[in-house]
Structure formats: C-alpha cells, structure tokens
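Take a look at the structure set out below.
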Amino acid sequence: MYHERVADTTPDQVANAILETIPTSMRAIREQMRSGRAASLSVSQFRLLLFVRRNPGTSLSPLADHLATSLPGVSQQVERLVRAGLITREQHQVERRRIELCLTDAGASTLAECDARTRAWLCERLSALDSEELAAISNALRSLRRLLAPGGE
C-alpha cells in the first residue's frame, strides 16, 4: 500500500482530502442505504431514527439541532416517518406544548436492518486494508470528530 510521509502533510492538504473524501463516502453510503427493505430511508432519516433511538422521548428542538436543520424542516421529516409508521409523536403529559418522539417496532426493525446492512458493506470494503491502515483511519476519524464537535479544540 502507498503511505505518504507524515512530515510532508500540511493542514491544507488534509482539508482538501476531507472535502474530497467525505462527499464521496456519503454518496457511497447513501447508495448502499437505498438498497434493501429500508430503501425509502434517506441518510437524514437514518440519522433522525438513530437520534430518536438513543434519545427516546426527545422533542423536535434537540433533533433539529442534531440534524443541523430548522424546526419546520425536521417537523416535516418527522411527519413522513410518523405516516410511514416508523416513529410515534405524542404530546408530553405535563408540558402540553412539547412533543415526544419514540421509535415504533417497525422503526426499530427498519433501522436495525439498514444499520446492519450498511455496516456489513463498510466492513467488507475495509477488510481490504491492513491493521495499520485501519488503525490510522480510526485514529484520524476520532481526532476529526473531536476537532469538529461543538466546542472542539
């Protein structure tokens, strides 16, 4: 495998690599997610369902923040997923103006299938790399996530 010398790499080169790699990666993931039973899920809907699974009873505002979208935009996505039977939207028992979101059994099943299929595809692709390359990618992604997270270094 080709290994670039670390000392020759600049922040500008890494920035260019990120900007070139992430859209290609997301396009490939999106294509993979569009196959199979969960073919109707967009990447945004997948992320929405993941957030609701991790945060049962969440409301629209935290979800909109997570997806970096507007309240009306996330509300429309939620409505489509409610109509599809993948999530429920109910009024909070105490705070009548607050809406709580939860996965349905069908939503959990669809999410699990889409997640497993996409992970299996990624693992198959990643198996072409040696352990050193896998570790380098893992470390780089961890660093990138830390740097780009809100309040990151």
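The values are calculated or read from the model by the stated rules, or taken from the named source; none is laboratory data. Because the structure is a prediction, the values reported are computed rather than measured. FYI the Cβ positions are ideal-geometry reconstructions off the backbone, even for glycines, and counts take in every protein chain you see.
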Requested in this report: Considering each residue of the stretch 78-92, count those that are touching a helix residue (DSSP H, G or I) at 6+ places or on another chain (Cβ under 6 Å) and surrounded by 14 or more Cβ atoms within 10 Å (Cβ to Cβ), and give that number.
Outcome: 3
Query - Any hit, the stretch 93-116, residues being under 23 Å from PRO23 (Cβ atoms) and surrounded by fewer than 17 Cβ atoms within 10 Å (Cβ to Cβ) - result: yes
Report summary line: For the stretch 95-112, pairs from a residue that is in contact (Cβ under 8 Å) with a residue 40 or more places away in the chain to a residue that is of a type in the set (Lys, Arg) and outside any helix (DSSP H, G or I), with Cβ under 8 Å and 6 or more apart or across chains, are ILE99/ARG89; GLU100/ARG89; LEU101/ARG89; THR110/ARG37
Query raised in the report: Taking ASP130 and the conditions (1) over 19 Å from the mean Cα position of the chain (by Cα); (2) within 18 Å of LEU50 (Cα to Cα); (3) not hydroxyl-bearing (Ser, Thr, Tyr), which numbered condition does it fall short on, given that it satisfies the others?
Result: (2)
Query raised in the report: If you check THR69 against the conditions, is it polar (S, T, N, Q), under 14 Å from VAL52 (Cβ atoms) and modelled with pLDDT of 90 or more?
Result: no
Requested in this report: Using the structure shown, decide if MET33 is of a type in the set (A, V, I, L, M), in contact with a Ser or Thr (Cβ under 7 Å, 6 or more places away or on another chain) and closer than 29 Å to ALA140 by Cβ.
Outcome: yes
Query raised in the report: Among the residues of the stretch 29-48 satisfying the criterion of being modelled with pLDDT under 85 and in a helix (DSSP H, G or I), which is surrounded by the most Cβ atoms within 10 Å (Cβ to Cβ)?
Result: MET33
Query raised in the report: Right, SER75: without any contact (Cβ under 8 Å) to a residue 24 or more places away in the chain and touching a helix residue (DSSP H, G or I) at 6+ places or on another chain (Cβ under 8 Å) or not?
Result: yes
Report task. Could you look through the stretch 118-132, keep only residues that are assigned to a helix (DSSP H, G or I) and touching a helix residue (DSSP H, G or I) at 6+ places or on another chain (Cβ under 9 Å), and pick out the one that is surrounded by the most Cβ atoms within 10 Å (Cβ to Cβ)? Result -> THR118
Query raised in the report: Does at least one position in the stretch 77-86 carry a residue that is farther than 28 Å from ALA28 by Cα, part of a loop (DSSP other than H, G, I, E, B) and more than 15 Å from the chain's Cα centre (by Cα)?
Result: no
